[in-house]
Amino acid sequence: MRKLIIIAALAGLAAAPPPTPPPPIVLSTMIPGDANVTATTVSIDAFQPDFDVYSWNTFIALNWPPGADGNADPKKKIGQNGDNETVWEHYRDVADIFLPGGAKPTWNGPTQIPDACKSLYKPGMHVMSQVGKNLLTPTVVSAMSEPFNSGPLIDQNGVYTRFEILVNKTMFDYILTNSLYSKAGQKVFTPPVRFTCGTIDGSGKTLVEGAIMVKSSWKVIAPSETSRFHSENVLVYSPASQNPKYPAQCTMKTVGLVGLHVGHKTQHASQWLWSTFEHVDNVPADAAVKSGNLKAKYSYYNPKCKDCKPNQVPPRPWDPTKVSSFHSQIVRMNQFNLPIYAQSAAARNADAHKLLLGVNPKSVWANYQLISTMWPTNPGNCAAAPGDPLGTPAPTFLANTTLETYIQGTTPNVSSQCIECHNNATMTTPVASDFTYVLQRAQ
């Protein structure tokens, strides 16, 4: 990572000579504290594979089977039984951190259970209420706290996709220690907000696990689909609404993971590292649509519909308690200005899938693919000032089709760009919140 500040101006240059191979993807319980940059050639082409290896090693460790304490169990292996509960599902949901009245949360405290769900709730169950990535409107998106247009994502069965945001204990402890869980605590806090930085040693071994936030997206699936998805039995909750008008509703459903977006504050990435993964059945790429090289079925695209305009926000009214007649027709747009981004992700996906299928040929985890990793080429140092506020990221734009569905593209200040978007985040006071919007949920 020490070399990165040198290449801030290289993001738009042509490919460099063939770089040295990146470090290996490994089946390990250890979440990387930072990217292990081993390339000797100074170029985007050389460094991107190192960051994509970091992303896959992070994905594997986060999705490792946990022990009774919620931490990764070294006696188990990811996907050894096909599917498994994961480490990150034992992180703290933001709904259980920013409590009513600004109450003080605890790491192992109770889950907030809506009244409509209490008769169905069983210990350990997740309650999924968020319909949209937006934090301030966890049911139906009506006003954005993030500076982009958005809306719900509706699958090909007419069912609304649900979302969760969780943080690791490192991030939780910083929020707790600085009383950032309440508006009152934020009001008296002395800036700046600086979440804990992850670190590694010279060999790449994790010394400190920095602040991590995990955003996940889920679709309701049939029992016959559980062999292809990481799945959970959850309570799907829709609070009462006046416009459109419907009562509170809570139902038990089986949901499958369709998107996973990981932000990690690291020593040499004061703008965080951003890794985004999706299920392989989500959507086709724009090139596949144009060539006609399509699968028979996708979660968010109908290959048989020739008149369906892609990537359109669903028309109002939005009512997640009903099956919608509108089905999202989503296509992955090419956002990459250099071929290395897609090439590196494809190569790392192939390596990771081989490892995962070696554990179990029926591992659901081999059905997930890295889209790319966004990293700052001019990062500065986590403990000091950043190299520049946005870090000159590579790639310049990056979207997860389940989380930034309607803002794909390459238009500055409009299209999805993890670092630029999160740089706008503040607390409930007008104080920058270190690239996270979660602090805006404080009460």
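A few remarks follow.
- Of the residues 207, 176, 153, the one with the largest accessible area comes first in the ranking 207, 176, 153, computed with a 1.4 Å probe on protein heavy atoms.
- Cα-based shape type of region 219-271, given that a ≥ b ≥ c are square roots of the gyration tensor eigenvalues and the cut on a/c is 1.5: oblate
- Computed [θ] at 222 nm, helices only, for the chain once each DSSP H run of length n ≥ 4 contributes -39500 (n - 2.57): -4500 deg cm²/dmol
- Spread over its residues, the convex hull of the C-alpha atoms of the chain is 142 Å³ per residue.
- Region 156-218: C-alpha gyration tensor shape, a/c 1.5 cut-off, then a/b vs b/c: oblate
- Sites residue 183 and residue 253 - FRET efficiency at Förster radius 35 Å, r taken between beta-carbons, to 0.05: 0.55
- Across the protein chains, with a 1.4 Å probe defining accessible surface, the residues 125, 30, 333 rank 30, 333, 125 from largest area downward.
- Atom-type composition of the exposed protein surface of region 332-373 places 58 percent of the accessible area on carbon and sulfur (1.4 angstrom probe).
- In the context of the full protein assembly, residue 332 retains an accessible surface of approximately 40 Å², using a probe radius of 1.4 Å and ignoring ligands and nucleic acids.
- Computed from the alpha carbon atoms alone, the convex hull of region 265-367 holds 205 Å³ per residue.
- A simple spin-label model places pseudo-atoms 7 Å from Cα toward Cβ; at residue 307 and residue 38 they are separated by 5.6 nm.
- Solvent-accessible area assigned to carbon and sulfur over region 144-226 amounts to 53 percent, based on a 1.4 Å probe.
- Approximating the spin labels as points 7 Å out from Cα along Cα→Cβ, the residue 207-to-residue 106 distance works out to 3.4 nm.
- From the largest down, region 172-302 spans 52, 48, 28 angstrom on the principal axes of its Cα atoms.
- Over region 280-327 - Rg/Rh using Cα atoms and the Kirkwood inverse-distance radius: 1.01
- A 1.4 Å probe, protein heavy atoms only, puts the accessible area of residue 92 near 20 Å².
- Only protein heavy atoms count here; on that basis, with a 1.4 Å probe, residue 297 has an accessible area of about 140 Å².
- Legend: helices of the chain (whole DSSP H runs) are marked when their alpha-carbon atoms reach 15 angstrom or more along the helix axis and their mean Kyte-Doolittle hydropathy is at least -0.5; marked are 44-62, 340-359.
- Centre-to-centre, using Cα atoms only, region 231-298 and region 39-109 are separated by 17 Å.
- For residue 304, the lysines whose Cα falls under 16 Å of its own Cα, not counting residues fewer than eight places away in the same chain, are 290, 295.
- In terms of accessible area, using a 1.4 Å probe and ignoring ligands and nucleic acids, 160, 237 rank largest first as 237, 160.
- For the chain, the relative contact order comes to 20 percent (Cα pairs under 8 Å, sequence separation of at least 6).
- Straight-line cross-link reach from residue 122 at under 19 Å between alpha-carbon atoms covers these lysines, not counting any fewer than eight positions away in the same chain: 253.
- Rg and Dmax over the alpha-carbon atoms of region 22-69 stand at 12.5, 44 Å.
- Remark on region 301-443: Rg and Dmax equal 18.9, 53 Å (Cα only).
The values are calculated or read from the model by the stated rules, or taken from the named source; none is laboratory data. Because the structure is predicted, anything quoted here is derived from the model rather than measured. Here the Cβ is made from the backbone with ideal geometry for all residues, glycine too, and neighbour counts use every protein chain on show. Areas reflect the complete protein model, heavy atoms only, side chains present, ligands, DNA and RNA absent. Shrake-Rupley method; radii C 1.70, N 1.55, O 1.52, S 1.80 Å.
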